[in-house]
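The values are calculated or read from the model by the stated rules, or taken from the named source; none is laboratory data. Remember, predicted model here, so these are calculated numbers, not experimental data. Positions of Cβ are backbone-derived with ideal geometry, glycine not excepted, and every protein chain shown enters the neighbour counts. All accessible areas refer to the heavy atoms of the entire protein, side chains included, with ligands and DNA or RNA removed. Shrake-Rupley method; radii C 1.70, N 1.55, O 1.52, S 1.80 Å.
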Amino acid sequence: MKVLTVNFLTCAVKTCKTSPEAFPLHFRDAELAQQDLEFNPEFIKNMLLRLDWNAFRVTTSELGFSTIPAEKPEGDALNDETLLRDLHKVLLETQVMEGKLVCGHCAHEYAIKEGIANFLLPNHLV
Amino acid sequence: MSSRDGSTAVTYEDEHVHHVYEQIASHFSSTRYKPWPIVERFLQGLPDGAVGVDVGCGNGKYLTVNPKVFILASDRSQALTKIAAQHQPHAALIADNLSLPHPPSSFDFAISIAVIHHLSTPARRVEAIKSVLELLKPNRALKQESPNGSVSQSPDSSDGRALIYVWALEQKNSRRGWDEGMAQDVMVPWVTKSSRGTSSKPLKRNSAVEHSETRQSDLSKGSVTAQSRKGESLTPSDSSQTFYRYYHLYRAGELEQDVSDAGGTVIESGYEKDNWWAIIVRNSEP
Ligand SMILES: [Zn+2]
């Protein structure tokens with residue numbers, strides 16, 4: 001799964017959805033892989049507009065990326081192709097292949113296998 | 001099926017919807033490659049950079065329509081999700097449409113195509129529409145009061161909107177021949193041809209049509225004989241398998257009613273090739 005994806009995910013348990021602790025979900029034991037994808041600067045710029053930057057910083061620090069700017073790039077910074085390529089690499093090309101996503105509110109763990117996260121809940125949590 | 005309670009419905013759908021899709025995934029996928037025009041138009045009309053969800057994405061055939069938006073697609077079937085995950089730049093995950101793992105009120109658009117009709121009680125169908133509506137950015141449209149006192153909403157083009165698509169009861173020209181007045185809860189056969197019992201082998205495209213979804217006379221009379229069918233049966237030749245999926249066929253006006261019960265407003269709706277569809281927005285909070 002892409003790093004970008006996690007910015008649009010929260011816990012599937014109903015009582016967690018309104019809790020700030022459930023977003024973002026936290027990676028545990030993540031195994032990463034790199035997948036080459038076509039670089040589309042407009043797409044990255046559009047996604048930057050939509051990104052929750054604080055959540056993105058939490059996610060990337062959990063995955064071991066140390067070069068993410070503290071502030072969301074805006075204005076002229078968006079014309080910096082090196083920056084956009086870096087973000088493309090992190091947001092789209094970095095795949096979490098195995099591991100878990102953990103809710104910070106209820107502590108439920110969602111498994112990621114072969115790059116796909118499974119959010120089906122056990123009966124007692126539905 | 002209105003008497004069915006929630007947990008019975010879950011077990012029922014597990015056996016007669018989810019299990020079946022898992023079994024027929026690759027054959028199903030090989031027959032599902034052409035997007036329906038209404039869905040295509042909806043997705044192509046989105047602004048670049050819009051972010052949305054595809055709830056019950058199946059093999060992800062709608063993920064190929066517009067690469068300038070970002071779609072988080074989900075399905076209960078692991079086998080179908082795997083196929084859907086191949087479409088860039090989008091994302092695919094395994095999730096239940098009544099427990100979606102997304103923050104509420106944050107998406108520009110949603111689609112749920114040929115999904116809601118698999119839920120086996122009226123309450124769960126309304127709940128499924130509600131789950132989709134909740135994800136949408138709230139409708140910020142001004143309420144307009146007309147001289148006669150009725151309130152109408154005129155949604156802004158930037159409001160989150162969803163496209164819902166369900167199978168219609170009224171399809172007398174289809175090979176199934178269902179029409180007005182017939183039973184709405186039906187078991188629909190799916191036949192996979194397979195060599196030596198390996199049902200997961202994809203077929204060649206030219207043979208991959210729902211060729212054997214013939215109408216069952218007992219079903220058209222209204223008896224859902226689920227108990228006698230364990231979801232699959234082998235023919236004597238052992239070369240094909242028949243799976244039965246549960247459907248609730250929508251009659252005219254029923255989708256609009258469900259949307260209204262779910263707290264949504266229909267801004268456009270219609271009939272396309274044996275299906276009812278509606279483009280909907282969330283009602284403003286009172
Ligand atoms: Zn939780």
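Computed quantities for the displayed model
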quantity: Full-stretch length increase - residue B:48, residue B:267 - with 0.36 nm per residue and alpha-carbon distance subtracted; calculated: 76.7 nm
quantity: Under 5 Å, built H, 5+ apart or other chain: amide partners of residue B:264; calculated: B:283
quantity: Gain in span if fully extended, residue B:123 to residue B:239, counting 0.36 nm per residue against the direct Cα distance; calculated: 37.8 nm
quantity: Given B:61/B:82; B:172/B:273; A:14/B:137; B:137/B:273; A:17/A:100; A:45/A:100, the pairs whose alpha carbons are separated by over 20 Å; calculated: B:137/B:273; A:45/A:100
quantity: Peptides ranked, highest mean first, by Cβ atoms within 10 Å: ranges B:179-189, A:70-80, B:79-89, B:106-116; calculated: B:106-116, B:79-89, B:179-189, A:70-80
quantity: Test item: B:86-95 mean partner chain Cβ contacts at 10 Å; calculated: 6
quantity: Per principal axis, descending, Cα span of chain A in whole Å; calculated: 49, 29, 23
quantity: For segment A:3-125: relative contact order, % (alpha-carbon pairs under 8 angstrom, 6 or more apart); calculated: 38 percent
quantity: Mean-position separation - Cα centroids, segment B:65-120 and segment B:236-271, in angstrom; calculated: 17 Å
quantity: Area accessible to solvent at residue A:86, 1.4 Å probe radius, in Å²; calculated: 90 Å²
quantity: Under Karplus coefficients 6.51, -1.76 and 1.60, residue-wise ³J(HN,Hα) of segment B:13-18 in Hz, glycine/proline x; calculated: 5, 4, 6, 9, 10, 5
quantity: Label-point separation, residue A:34 to residue B:105 (7 Å along Cα→Cβ), nm; calculated: 4.1 nm
quantity: Simple spin-label estimate for residue B:11 and residue A:61 in nanometres, 7 Å along Cα-Cβ; calculated: 4.8 nm
